[in-house]
Every structure is written in structure tokens, then in C-alpha cells.
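Right, one structure below, let's go through it.
The values are calculated or read from the model by the stated rules, or taken from the named source; none is laboratory data. All values reported here derive from a predicted model rather than from experimental measurement. Note: ideal-geometry Cβ built from the backbone for every residue, glycine included; neighbour counts use all protein chains shown. Note: areas computed on protein heavy atoms with side chains; ligands, DNA, RNA excluded. Shrake-Rupley method; radii C 1.70, N 1.55, O 1.52, S 1.80 Å.
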Amino acid sequence: MGSAERIKNVAKRIAQAREAGHDVVVVSAMSGETNRLVALAHEMQDCPDPREMDVVLSTGEQVTIGLLAMALKSIGVPAKSY
């Protein structure tokens, strides 16, 4: 999901899946974001600390889930980011 438009398209597809009775959604970071965050981590340490790498990489997913929840709400689908 590399742009706002793509996130909105995913929201529409999720709404359709929800109408079909499904209720599980898995979201990934926006296109290119994980690579950007990995590169930044490697600028800090040659071999980034695994715990801190998890924290850094999770931010990519957090941005996407917040934006996706907003997109879903804008089309009338109840949503919460976690």
C-alpha cells in the first residue's frame, strides 16, 4: 500500500470482505517504508539490535493501520487500529 489512493482501494476491498462475513485483516507497511527503516537502522549500527529493530520496523505498520482505519471509517466501516 504505497499511497493514499491504494489505502482507499484496500479499504473498499476490506469492506466487501466484511460484507461477505470475514473479519480478519493483516496490514503491512507502505511500499518502500520497511526498506527505508532498515537502511536508517543500519546507519545507527552495523548489526542493529534485534529488539530495537522490531520497534523501528513496527512504526511502518502503525502508520498504515492508522491510515487504513481512517479510510475504512470514511466509507462507513467501523474500524480501530491496534
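Given the options Ile7, Gly76, Cys47, identify the residue whose Cα lies farthest towards the positive end of the charge dipole of the chain (+1 on Cβ of Lys, Arg; -1 on Cβ of Asp, Glu). Value computed over the given set: Gly76.
Only residues of the stretch 52-68 count here: report those whose backbone N is under 12 Å from the spot 7 Å along Cα→Cβ of Gln45, or say none. Counting only backbone N, you get 52-56. Using a Gaussian network model of the chain with C-alpha springs under 10 Å, which one of Ala11, Ala69, Ala39 is most mobile by mean-square fluctuation? Greatest mean-square fluctuation among the candidates belongs to Ala39.
Only protein heavy atoms count here; under a 1.4 Å probe, Val10 has an accessible surface of about 40 Å².
If you look at the Cα atoms of the chain, you get an Rg and a Dmax of 15.0, 47 Å.
FRET efficiency for the pair Glu52 and Arg6, taken as 1/(1 + (r/R0)^6) with r the Cβ-Cβ distance and R0 = 41 Å, rounds to 0.90. Comparing Met30, Met70, Met44 in a Gaussian network model of the chain where C-alpha atoms under 10 Å apart are linked, the largest mean-square fluctuation is found at Met44. Taking label points 7 Å from Cα along the Cα-to-Cβ direction, Val63 and Ile75 give a separation of 2.2 nm. Ile7 exposes around 10 Å² of accessible area when a 1.4 Å probe is run over every protein chain in place.
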